[in-house]
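Working notes, beginning with the structure itself.
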Amino acid sequence: MYPRSDLSKLSYVRNRVALPIAILGALLLPLGFQTSAQSKGPSALPPNRVGHVLVISQTKGFQHDSVPDAMAAIYDMGHSTRLWETTMRTDTELLTKTDTREMNRKSLNYFDVVVFGSTTGELDLTDAQKADLLSFVKEDGKGFVGIHAALDTNYKWPEYGEMIGGYFDQHPWFTFNAPIILEDPSFPAVRHFPKAFVKRDEIYQPKAWSRDKVNVLLRLDESKLDYNNPRVHRTDRDFAVAWSKMYGNGRVFYSTLGHTKEAWDDPDIRTMYFEAIKWTMGMTEGSTASHPKTGGVASSGTPSTTR
Ligand SMILES: [Zn+2]
């Protein structure tokens, strides 16, 4: 599921400041990656070490049954490919840049990516911790991945909403067979999806969200939704399912997919988050440029319901 060839890309990215190794890496890699790896993105990881991923799943509101499944999936992705080591926490103690060697406690300085795995509500964070997490992405150029209820989190912290791209505003159709359109087939985390497909999941309606501020990767097919529903608030009928964006120097990925336990057994969903974490670590390249709606019935014919 996770090709070993990723290892050569990783070592290439991490060593790209070392010219001889970079040249060797370039010879081993497809032209597309070689070119795009030169573009602006997160700073390269130090050579000869795997990535460090911190999964936070503190829940101060709704507690998803799928939290352990999401945590285990992310651990397994990194472990089976040797691309990253995963630290999993349901508290927020490590979300700080204050280093201490006491009791082997790690800090944000150790990690390359923070994943919020269906966190909910107002997390236990001091103002200093909030500033450190924002700086981790914005100034340090490290990664942030939001899974499902990460959007249902930190409403009283506007900069968090700005970083992730918005906030949860109901799930008008609860868990349903969601008709989804692929908008950016070039992006590594979604390129494995067909142009149109159906996934059984709980799709959030975002608020304080605009496609002008993100690169929409997946969205609901607005031509196939039930609007006879008081929970539908978006008058533009623009329901993003996944997006990428920059926050300062760092890369941010969010998807509403992953509500159910079953989602984490779905190879498509696992591949999406696997590639998303790789992208936020700078191992692959993908756009964060906003764009008008693309795809859908008009341009792709009859959407398939495969996968
Ligand atoms: Zn949910």
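For the stretch 61-178, the Cβ-based charge dipole about the Cα centre amounts to some 260 debye (Lys, Arg positive; Asp, Glu negative; other atoms uncharged).
Evaluate Rg over Rh across the stretch 138-238, taking Cα atoms for both radii and Kirkwood's formula for Rh.
With Rh from the inverse mean 1/r over Cα pairs, Rg/Rh is 0.96.
Checking every one of the chymotrypsin sites (Phe, Trp or Tyr not before Pro) in the stretch 210-265 against DSSP loop status and a limit of 12 other Cβ atoms within 10 Å picks out Y227. Within the straight-line cut-off of under 17 Å between alpha carbons, the aspartates and glutamates reachable from K224 are E183, D201, E202, D236, D238, sequence neighbours fewer than 8 places apart in one chain being disregarded. In straight-distance terms, cross-link reach from K278 covers every one of the lysines whose alpha-carbon lies under 17 Å from its own, apart from those fewer than eight places away in the same chain; here that gives K9, K40, K142, K245. For the stretch 49-300, the Kirkwood radius over C-alpha pairs fed into Stokes-Einstein at 20 °C and 1.002 mPa s yields D = 119 µm² per second. How many percent of all Cα-Cα pairs in the stretch 215-257 sit more than 14 Å apart? For the stretch 215-257, the share of Cα pairs beyond 14 Å comes to 57 percent.
We did not get these values from a lab; they are worked out from the coordinates using the rules stated. Because the structure is a prediction, the values reported are computed rather than measured. Cβ sites come from the backbone with ideal geometry, for glycine too, and all protein chains shown count toward neighbours.
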